[in-house]
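The values are calculated or read from the model by the stated rules, or taken from the named source; none is laboratory data. Given the structure is predicted, the values throughout are model-derived calculations rather than measurements. Glycine also receives a Cβ, built like all others from the backbone with ideal geometry; neighbour counts cover every protein chain displayed. For the accessible areas, the whole protein counts, side chains as well, though only heavy atoms, and no ligand, DNA or RNA atoms are used. Shrake-Rupley method; radii C 1.70, N 1.55, O 1.52, S 1.80 Å.
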Amino acid sequence: MTSLFAFDDAACLALTETHGTPCFTYSGAAAEAQFRALRTALPDRVRVAYAVKANAHGRLLARFASLGASFDCASIGELERVEALSLPPGRTFFAGPGKREAELRKALAMGVRIQAEGFEDLARIDALVDRETAVNLRVHPAFDIDEGNRIIGGSGPSAFGVDEEAVPDLLARAANLRHVRIRGLHVFAASNQRDASKLLAIHGAVLALAQRLSDAHGLVFEQIDLGGGLGIPYEPDQSPLDVQALGIGLSALLAAHPWFTGELILEPGRFLAGPCGVYLAKVVRIKESRGTRFAILEGGINHLLRPLLTGEPFPVRAVGKGRGDHPYTLAGPLCTSLDRLGEVLLPELSAGDLLAFGTTGAYGLSEGMTHFLSHPVPPEVWVD
Ligand SMILES: Cc1ncc(COP(=O)(O)O)c(C=O)c1O
């Protein structure tokens, strides 16, 4: 059984006594353990760039930075948070399909490696710099990518990157740019994938794509960025990603591609931040309606939107009450029937009971609709 809760009942009660509810709590030890497990399993030639979007809490970023992480940013706000870490150049990346000029200026001033998502990015960067500037090119591959995956969007039309078949045209236009040089490839084609062999199949296809582009167009890649998508369990019977197998597989891929002498980059967000978080909220009231029993909580999709977006609930337990098999629909306090956190089996609940939602360290508060209805933003508590 995989443990999905970074804090036990006693810790949850102690945290709510001090900080009140609802609140997000993050375990520094759990975040560090997750980073170390991945780092030690990977070959030295794989850089780990934490995807800040998963959770931008300052203490979490500082902990990962102290462990040697690089960072993947997707907005000026994320760039500013990473800037506050005072990292040496080369440890920050910037991706996104709609980069504004202020964001490009910020990234360039910070010495960040930009993932260009099309010719417009290349041209705008070229106009902003007065010296040779290396960028990575984000490509939307033509090969079959996680088709059913709503987050990645499959291999159909995409707002991300340049379509693989459009790369020759883009390179022809880019040949006239004065300063920008494409020195890396970026492909992001997985989400919450716990099967190392499936990740490696995608990574292998990306390296093959890089080789084709290199052979056909003489591109020299210093970096190949394989994106994020490393999965974590959200249910106790789900097995975790085998990071050893991932590391061994990436070593084998590097050995199979001797033409590539640069570094690989992984950009995990969920994998690094998810397991350290526990969201705590109390039951406000129980309501029976036409055969359904609702537990209405202090927070809902304003704090945890992922269950609504993906249809997958976060694991939940009733603190201090053990297991139970009473069916509840967990609802939040918002003015919409979309405000649901899942349908679960729990012990008999009453007003005031505390619920703990595990693995909420990634895409928890960072993804919540905190402005909707103007409920107070819950505190985020860092526990070392
Ligand atoms: C460019 C990029 N890198 C990394 C990630 C992190 O993905 P994950 O949290 O699944 O590892 C994302 C997620 O949207 C992304 O868009």
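Here are some notes:
- Criterion applied to 58, 28 was being touching a strand residue (DSSP E or B) at 6+ places or on another chain (Cβ under 8 Å) and more than 16 Å from the ligand (Cβ to nearest atom), and the one residue passing it is 28.
- In the stretch 147-179, residue most open to solvent (accessible area, probe 1.4 Å) [restricted to those that are within 13 Å of the ligand (Cβ to nearest atom) and at pLDDT below 85]: 150
- Condition met for residue 288 (in contact with a Lys or Arg (Cβ under 6 Å, 6 or more places away or on another chain), of a type outside the set (Lys, Arg), away from the ligand (no atom under 16 Å from the Cβ) and farther than 30 Å from residue 33 by Cα): no
- Condition check for residue 85: under 20 Å from residue 268 (Cα atoms), of a type outside the set (S, T, N, Q) and within 16 Å of the ligand (Cβ to nearest atom): no
- Qualifying residue in the stretch 229-238 (condition: open to solvent by less than 40 Å² (accessible area, probe 1.4 Å) and either away from the ligand (no atom under 16 Å from the Cβ) or in the same structural domain as residue 359 (by TED's automatic domain parsing) (or both)): no
- Listed by first and then second residue, the pairs linking a residue in the stretch 95-106 that is open to solvent by less than 70 Å² (accessible area, probe 1.4 Å) to a residue that is among the hydroxyl-bearing types (Ser, Thr, Tyr) and not in a helix (DSSP H, G or I), with Cβ atoms under 8 Å apart and 6 or more places separating them unless they lie on different chains, are 96/75; 103/75.
- Screening residue 376 on (1) more than 26 Å from residue 60 (Cα to Cα); (2) within 27 Å of the chain's Cα centre (by Cα) shows it passes everything except condition (1).
- Members of the stretch 88-102 that are more than 14 Å from the ligand (Cβ to nearest atom) and either farther than 18 Å from residue 181 by Cα or not assigned by TED's automatic domain parsing to the domain that holds residue 266 (or both): 88, 91, 100, 101, 102
- Considering residues of the stretch 2-32 that are within 17 Å of the chain's Cα centre (by Cα) and open to solvent by 10 Å² or more (accessible area, probe 1.4 Å) only, the residue nearest to residue 359 (Cα to Cα): 30
- Top-ranked residue of the stretch 325-359 - restricted to ones that are within 24 Å of the chain's Cα centre (by Cα) and closer than 19 Å to residue 296 by Cβ, ranked as nearest to the ligand (Cβ to nearest atom): 357
- Residues (at pLDDT below 95 and open to solvent by 60 Å² or more (accessible area, probe 1.4 Å)) located in the stretch 312-334: 312, 323
- Single residue of the stretch 180-202 satisfying the filter (more than 21 Å from residue 217 (Cβ to Cβ) and away from the ligand (no atom under 13 Å from the Cβ)) that is surrounded by the most Cβ atoms within 10 Å (Cβ to Cβ): 196
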